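Coordinate-derived values only; no laboratory data. Computed from a predicted model, the values in this text were never measured in an experiment. Neighbour counts run over all protein chains shown; Cβ positions are idealised from the backbone, glycine included.
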Amino acid sequence: MTTVNRILLASHGTEGALAAEQTAINLCNKGAHIHHLIVVPTFWQGMTGDDWLNNGSTRDTFRRYLETELGKEADEHFERVSQAATEHELTYTKALVVGEPDECLLAASKEQNFDLVVMGSPRPKGKPGLRSRMITDPLTKGLKTPLLVVPYPDE
């Protein structure tokens, strides 16, 4: 398998994303660079709806709590990939963005000159959790960088 020097890694800690992380690390030459992107989908912004959070103060408190928890989770994912990159003598940068996953990945791919974009495949049917909305026609048609979709790991 060919090695690369600059990878954009879209990963958020699911089983499929973990497989993508390991593949990205293994593809890199010593001294290569991984830019780790975590996208918080925009639907999280709607989690502070006004159904049971019936006043502004309660909504703000819950919003801050939710943002803190999402931030802690992202930091754990960043730390795991950063540690693996360091162990393999790679450089590492990271970005946490809020938006539509496919649009954010496409935008990030244009910010630097990457050799490869790496991400995990969508979660198989029957697996608990949210289905990925990352692989879309606009993404696959808009990317100017090769895309590697790592297969979901076997049980």
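Listing for the model above:
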{"item": "Amide H partners (placed H, <5 Å) of residue 152, local residues excluded", "result": "121"}
{"item": "Contour excess over end-to-end distance, with Cα ends at residue 73 and residue 60 and 0.36 nm allotted per residue", "result": "2.7 nm"}
{"item": "Fewest-first ranking of 36, 77, 88, using other Cβ atoms within 10 Å as the exposure measure", "result": "88, 77, 36"}
{"item": "Amide H contacts of residue 13 (H built 1.01 Å from N, under 5 Å, at least 5 apart or other chain)", "result": "18"}
{"item": "Nearest-0.05 FRET efficiency for residue 147 and residue 93, computed from C-beta distance (R0 30 Å)", "result": "0.95"}
{"item": "Under 15 Å, Cβ to Cβ, from residue 117 - net charge with Lys/Arg +1 and Asp/Glu -1", "result": "-1"}
{"item": "Residue-by-residue Karplus 3J(HN,Hα) for the range 101-113, coefficients 6.51, -1.76, 1.60, Hz, glycine and proline x", "result": "x, 5, 5, 5, 5, 4, 4, 5, 5, 8, 7, 9, 9"}
{"item": "Under-5 Å amide H pairs with residue 36, H placed in peptide plane, nonlocal only", "result": "9, 93, 94, 95"}
{"item": "Length added when fully stretched, residue 5-residue 80, from 0.36 nm per residue minus Cα-Cα", "result": "25.0 nm"}
